[in-house]
């Protein structure tokens, strides 16, 4: 049998797989968000995708006639993404509601600790004090604000400096239990319970390190600039680039890769097939592949 008889169906299969990987990973939208590598639009039926790192899965749902983007369907909602600075603004559903101040009896750092993201020190630390001894307001050098509003028990708030997940703000608790939350680094005009509710609703900044978790730096890799598309290989837990002529681990589309070429032939594709075979397969999509001459 002529070798091309085997190469033709193989080439056609590879083209279908490459087109499928390319089409499925086109930028997606969820509300006003544009999702692209390393983020990807997933569902409860998926555990991984070549479109991005598993931790960057976004699930899109409708809530009161608006689209809501959440990390893997969790309580962390994504409000905006800054791809250039490897960060995004998120909120926690437990405290982002109108009565969120009343449900601040946990530390946000615990919710984020096991993820691939870190809470940015660009955030400020919003502290809440409750269960105070005798129910009295805390007394100290800091400026505490009564944030009780409609809560069942008294809660007092204090807006501190930069947020550090492993370093709680050093404030005078005066016999109270306290928690602290990251909020965007701006201060309300007047410090009232309503302002603190808005701070919780506006969310906080989360960051990621491309090199640290193997997703690569899509912009810096020159993958897109050379006609490729950024992808994530779940088998090797590493960044890859889908180049026009096949996969590249380094994302250098059009560069020499060290693959052995078939003597006398220009080669293309992941399996280094002769380009004339791939070209023939492309030209015959939708119909039967002609048998090559023997």
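Let me understand the range 123-244 better: what is its radius of gyration from the alpha carbons, and its Dmax, in angstrom?
Radius of gyration, then largest Cα-Cα span, for the range 123-244: 21.8, 70 Å.
Quote to one decimal, in nm, the extra length available between residue 184 and residue 150 on full extension: 0.36 nm per residue of separation minus the C-alpha distance between them. Mind showing how you got there, number by number?
Working: separation 34, 0.36 × 34 = 12.24 nm, distance 2.39 nm.
Between residue 184 and residue 150, full extension yields 9.8 nm more.
Quick one: length gained pulling residue 83 to residue 201 fully straight, 0.36 nm per residue minus the C-alpha distance?
On the way: separation 118, 0.36 × 118 = 42.48 nm, distance 2.19 nm.
That works out to 40.3 nm of additional length.
What FRET efficiency would be calculated for the residue pair residue 29, residue 65, taking the C-beta separation as r and a Förster radius of 22 Å, to the nearest 0.05?
Working: r = 16 Å, r/R0 = 0.74.
It comes out at approximately 0.85.
Just the Cα atoms of the range 29-109: what Rg and Dmax do they give in Å?
My reading of the Cα-based Rg and Dmax gives 13.3, 41 Å.
What is the distance, in nm, between label points placed 7 Å from the Cα along the Cα-to-Cβ direction at residue 164 and at residue 94?
Those two pseudo-labels are separated by 2.4 nm.
Within the range 54-68, name every residue whose backbone N is under 11 Å away from a label modeled 7 Å from Cα of residue 46 along the Cβ vector.
Those under the cut-off are 54, 56-60.
All of the numbers you see were taken from the coordinates with simple rules; none came from a lab. For clarity, every value in this text was computed on a predicted model and none was experimentally measured. Backbone-built Cβ (ideal geometry, glycine too); neighbour counts: all protein chains shown.
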